[in-house]
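J.: Handing you a structure now.
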Amino acid sequence: MSPLIWILIVFVVLGGAAALVYVGMRDEESDMDPLEERLMEYASRGEEVTLEEIEMSQSLTERVIIPLVRRIGELTTRFTPQNVIEATEAKLKLAGNPKGLDPTMFWAARFLAGIGIAILLSFLFAVGSVNWSWGRKFLVTAVFSVIGFYLPQLLIQSKINSRQDGIRKALPDALDLLTICVQAGLGFDAAMSRVAEKWDDELSDEFEIVLREIQLGKLRREALRNMSERTGIAEVTSIVAAIVQSEKLGVSMARILRIQSDQMRMKRRQRAEEAAQKAPIKMLFPMALLIFPSLMIILLGPAALLLKDSALAGFF
């Protein structure tokens, strides 16, 4: 089988998997139903339209693809154990619920990615001139289908890791600003609101959610504990526990925040030192596999050519 066909198969499979995952994970940015949002838009303009006209004004993705994917997800979740659904919901919460993704859409994306890759490979094997046995074709199709099935889970895990890293990096500076605001006379809620207005990152979004829950009547300690559960970071849990304890004991909030800020900076420095210690070991593998062979070819290649044309070539 020529390398060109292999490259074509890889590009088609990866492109199909990415398209299926995107279609499965695509959802509306807002929590409002698309039809209701479009109806409010026409109502604000003072136009009288029917529900059919509003529905036909939506894109093909909103009218056909997303409802079809959601229906497939509802079908797959019926045969999925409840603990797996709860674990998926917890992972999506740790990832920040990207684009309002729910377990139904997530499982639909996984099955669509696996089935789509299997269909693509079957089509390529049918139209292409591949002199493979049926067993080998089935094995390749099964392997790539499993990869496509686990691809959305890998993407969600990558989103979780990047989100947690962003929150860890923003914690010390956010605590410093909270400390300054509290020392200036603001309450803790007002200080959180000031931090949420100052920055636009994952931590400020979590602060906005906490403030919204407090405005809806939830206790501050419950809203903060919900934030620690949504992030899944030990440092946030430690800060929330310290804040809740300071409220119970009447300790100065500014002092607690200053101590937590110093601890976060020390942990950030330790993580940076740990990453610096791991760097030489991580660099060893690409150097041994990529850089050293290239250097050997550049340095010893001319000598090998000279040796081939010399009298010593017969010994080798």
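J.: If I ask for residues that are in contact (Cβ under 8 Å) with a residue 60 or more places away in the chain and over 24 Å from the mean Cα position of the chain (by Cα), which ones from the stretch 187-212 would you list?
T.: The one that is in contact (Cβ under 8 Å) with a residue 60 or more places away in the chain and over 24 Å from the mean Cα position of the chain (by Cα): 188.
J.: Here's another thing I want to ask about it. If I filter the stretch 291-306 for residues that are within 28 Å of residue 165 (Cβ to Cβ), out of contact with any Cys (no Cβ under 7 Å at 6 or more places or on another chain) and among the small types (Gly, Ala, Ser), do I get at least one hit?
T.: no
J.: Could you grab me the full set of residues in the stretch 88-136 that are within 23 Å of residue 232 (Cα to Cα) and over 22 Å from the mean Cα position of the chain (by Cα)?
T.: none
J.: Checking the structure you have, find out if any residue of the stretch 306-315 is loosely packed, with under 13 Cβ neighbours inside 10 Å, modelled with pLDDT under 85, in contact with a helix residue (DSSP H, G or I) (Cβ under 7 Å, 6 or more places away or on another chain) and not basic (Lys, Arg).
T.: Within the stretch 306-315, one or more residues are loosely packed, with under 13 Cβ neighbours inside 10 Å, modelled with pLDDT under 85, in contact with a helix residue (DSSP H, G or I) (Cβ under 7 Å, 6 or more places away or on another chain) and not basic (Lys, Arg).
J.: Applying the selection to the stretch 116-136, what residues are free of Cβ contacts under 8 Å to residues at least 40 places away in the same chain and in a helix (DSSP H, G or I)?
T.: Answer for the stretch 116-136, where residues must be free of Cβ contacts under 8 Å to residues at least 40 places away in the same chain and in a helix (DSSP H, G or I): 118, 119, 122, 123, 125, 126, 127, 134, 135, 136.
J.: Under 9 Å between Cβ atoms, which residue pairs at least 6 apart in sequence (or on different chains) link something in the stretch 63-77 that is among the small types (Gly, Ala, Ser) with a partner that is at pLDDT below 70?
T.: 73/24
J.: Check residue 209 against each of (1) touching a Leu at 6+ places or on another chain (Cβ under 8 Å); (2) closer than 22 Å to residue 163 by Cα and name the one condition it does not meet.
T.: It is condition (1) that residue 209 fails.
The values are calculated or read from the model by the stated rules, or taken from the named source; none is laboratory data. Bear in mind the structure is a predicted one, so any value in this text is a computation, not a measurement. Please note: Cβ atoms are built from the backbone with ideal geometry, for glycine as well, and neighbour counts cover all protein chains shown.
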